[in-house]
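Notes for the one structure printed next.
The values are calculated or read from the model by the stated rules, or taken from the named source; none is laboratory data. What you see is a predicted model; the values in this text were computed from it and never measured. Glycine gets a Cβ as well: all are built from the backbone with ideal geometry, and neighbour counts include every protein chain shown. Just so you know, the surface numbers come from the protein's heavy atoms only, side chains and all, with ligands and any DNA or RNA stripped out. Shrake-Rupley method; radii C 1.70, N 1.55, O 1.52, S 1.80 Å.
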Amino acid sequence: MGVNWKAFVDQISHYESFVLVSHIRPDCDALGSELGMAEVLRSVGKKVRIINSHRTPTALQFLDPAGNIEVLGDHVEAEDITADCIMILDTSAWAQLGDMGDFIRASRIDKIIVDHHVGEDDIGATLYKDYQAEATGHLVVQAADALGVPLTRTMAAPLFAAIATDTGWFRFGSVTPETYRVVARLVDAGVVPSEIYSDLYERDTLGRLKLRGLILSRTESEVDGALMHTYVEKEDFAKVGAEASDTEDAINLTLAVQGTKAAVIFVGQLRGGFKLSFRSRCAMDCNEIAQQFGGGGHKAAAGAFQEGTLDDVKAKVLPVVIDAVRKAIET
């Protein structure tokens, strides 16, 4: 089911000011969707602030050269936030909202969700979701069209990055002919794909490079090579001079091994516990697995979080994934 954009436009017309929010540990789709939507709303005369729970990762700061994205607790306090509407982009889960989730729970402000992830918590928001969309950034382009807003380069650059990264630079199964049509429009608006690619993948720090090497050196296989898994412990970041955001996309490197059908990475969090990222190139449903551990996402890619030591978390999660991969192969 596509989004009812007429209802979206009607609802937007009732508000003059917005606060845009996305998930913790923001990626390109989260940040690009926020920045793109902010420009779209400003084009129709709305006042907009972007306030996240986590800071923009250093590697993605090129998306926001003007520094428009604010961070709760970093010169921004909850009691100082006012708006007619809170718009949540690229997540529908309380657990993904971090400290901004506490503000949203306590607020009586109207709420809107624009998202492409399967499943949602009861956040008390009006939902504008399309589970078939390859990225929330694509939905923001549709929102601009519905509002009659022409695409500009300022909008198009972060939206291109959102779609490009959430599709693995257009190599995932979620890509459709419409993906390329939308991307062509963004290029027409002034995006230079080679520049976005360079900013994303050719600006690595030495620490990020060393962390990737550590991740790859720890990769192990199961189910006759159909499943790859690896890990990063929180101490590793300081050891090699990397940031937590440097694990972004690392799991996809393990899928390059011939015969691999699925992968999982365990990423130690600075506050304890492990973030889990699942990837599938077979009938295994990552979203179903992630939901068993309190997370969610898509069939081909999903995530979750688990408290405990590395050994405890692996002992709990790996048997579930191994079983799912075996069943997928037999199907």
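I need a count of the residues in region 108-130 that are without any contact (Cβ under 8 Å) to a residue 24 or more places away in the chain and on the phi < 0 side of the Ramachandran plot.
Our first condition is that a residue be without any contact (Cβ under 8 Å) to a residue 24 or more places away in the chain; within region 108-130, this holds for 108, 122, 124.
With on the phi < 0 side of the Ramachandran plot added as a condition, the list becomes 108, 122.
Adding up the residues that qualify gives 2.
Suppose we keep only residues that are assigned to a helix (DSSP H, G or I) and β-branched (Val, Ile, Thr) within region 145-164. Which one would you say is surrounded by the fewest Cβ atoms within 10 Å (Cβ to Cβ)?
Filtering first and then ranking leaves Thr154.
Yes/no matrix, rows are residues, columns are (1) within 18 Å of the chain's Cα centre (by Cα); (2) open to solvent by less than 60 Å² (accessible area, probe 1.4 Å):
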{"site": "Ala93", "(1), (2)": "yes, yes"}
{"site": "Gly98", "(1), (2)": "yes, yes"}
{"site": "Asp102", "(1), (2)": "no, no"}
{"site": "His117", "(1), (2)": "yes, yes"}
{"site": "Asp121", "(1), (2)": "yes, no"}
{"site": "Glu134", "(1), (2)": "yes, yes"}
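Test Phe266 against the criterion of being open to solvent by less than 50 Å² (accessible area, probe 1.4 Å), aromatic (Phe, Trp, Tyr) and in a strand (DSSP E or B), and give yes or no.
yes
Inside region 244-291, can you point out the residues that are within 15 Å of Phe305 (Cα to Cα) and in contact with a Ser or Thr (Cβ under 6 Å, 6 or more places away or on another chain)?
Across region 244-291, the qualifying residues are Ile265, Val267, Cys286.
Residue by residue through region 165-218, note down the ones that are outside any helix (DSSP H, G or I), among the β-branched types (Val, Ile, Thr) and within 26 Å of Glu243 (Cα to Cα).
Result: Thr167, Thr205.
What pairs come out if I take residues in region 42-56 that are not assigned by the TED database to the domain that holds Arg271 and pair them with residues that are among the acidic types (Asp, Glu) and modelled with pLDDT of 95 or more whose C-beta lies under 7 Å away, six or more apart or interchain?
Short answer, once both residue conditions are applied: Lys46/Glu16; Lys47/Glu16; Arg49/Glu70; Ile50/Glu34; Ile50/Glu70; Ile51/Glu70; Thr56/Asp64.
Yes/no matrix, rows are residues, columns are (1) free of Cβ contacts under 8 Å to residues at least 60 places away in the same chain; (2) within 17 Å of the chain's Cα centre (by Cα):
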{"site": "Arg271", "(1), (2)": "yes, no"}
{"site": "Ile289", "(1), (2)": "yes, no"}
{"site": "Gly295", "(1), (2)": "no, yes"}
{"site": "Asp312", "(1), (2)": "yes, no"}
{"site": "Leu318", "(1), (2)": "no, no"}
{"site": "Ile329", "(1), (2)": "no, no"}
